[in-house]
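S.K.: Here it is, the structure, as structure tokens.
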Amino acid sequence: MRTARVAPLITTRGRLRTSTSGRWAGITRLALSQTQTTAASRARRQRYWALAAIIRSRSAFVLHGEYDTAHQDHIHQDSVAPTRAFTTGSQAAVKLAQAVCKHIYAKTDLVIDGNFGPRSQAAVREAMITVELPGDIFDNSQWVRFLLRSGRLGFELSLQ
């Protein structure tokens, strides 16, 4: 008989935190698993990317399910460094923005490939308009607002 390992909400090793589940206002419980990023349920995908966006809004680095296969069942967060602005040189940041646009803002034709090309730029611009944010995500304060508003929207949509 195989026993399932139950992980705590957050484990900490030095500067890294690993999130495997969470509870928000007693409404939703999210236990991350390998199927969250590719789940048939849109609500599950929205919750996963909402959580990833909120975590990234509070840290410099987040490794998630689209970053690589080793991170499909959890989210790694650098818990010490302050939030850094969006940069196209960060595969994790670009893939996070693409995944948020695809799964929260329903840009289903968007490819999550780490290339911040014209389609990704247009998807982010449209998403920022949806959450009433001027400017672009290269401004750190707008990047953080985009992540927070996207996280909130993702959780709200997932409950409908």
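The values are calculated or read from the model by the stated rules, or taken from the named source; none is laboratory data. None of the values given here were measured: they were computed from a predicted structure. All Cβ positions, even for glycine, are placed from backbone atoms using ideal geometry, and neighbour counts span all protein chains on display.
S.K.: Filter the range 61-99 for residues that are farther than 14 Å from TRP49 by Cα, of a type in the set (S, T, N, Q) and in a loop (DSSP other than H, G, I, E, B) and give the result.
M.R.: SER79, THR83, THR87, THR88, SER90
Each row is one residue, and each column tells you yes or no for (1) under 15 Å from SER57 (Cβ atoms); (2) in contact (Cβ under 8 Å) with a residue 24 or more places away in the chain; (3) hydroxyl-bearing (Ser, Thr, Tyr).
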| position | (1), (2), (3) |
| --- | --- |
| TYR67 | no, yes, yes |
| HIS74 | no, yes, no |
| VAL100 | yes, yes, no |
| PRO134 | no, no, no |
| GLY151 | yes, yes, no |
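S.K.: Looking at THR83, THR87, THR69, THR130 in this structure, which one is touching a Ser or Thr at 6+ places or on another chain (Cβ under 8 Å) and surrounded by fewer than 20 Cβ atoms within 10 Å (Cβ to Cβ)?
M.R.: THR83
S.K.: Every residue in the range 100-141 that is under 19 Å from THR87 (Cα atoms), small (Gly, Ala, Ser) and assigned to a loop (DSSP other than H, G, I, E, B), please.
M.R.: Residues satisfying the conditions are GLY114, GLY117, GLY135.
S.K.: Also, I was wondering about something else. I need the full set of residues from the range 49-79 which are small (Gly, Ala, Ser) and out of contact with any helix residue (DSSP H, G or I) (no Cβ under 7 Å at 6 or more places or on another chain), in order please.
M.R.: Scanning the range 49-79 gives SER59, ALA60, ALA70, SER79.
S.K.: Considering the range 78-95 alone, what residues qualify as being modelled with pLDDT of 80 or more, polar (S, T, N, Q) and under 15 Å from the mean Cα position of the chain (by Cα)?
M.R.: Listed by number, the residues that qualify are SER90, GLN91.
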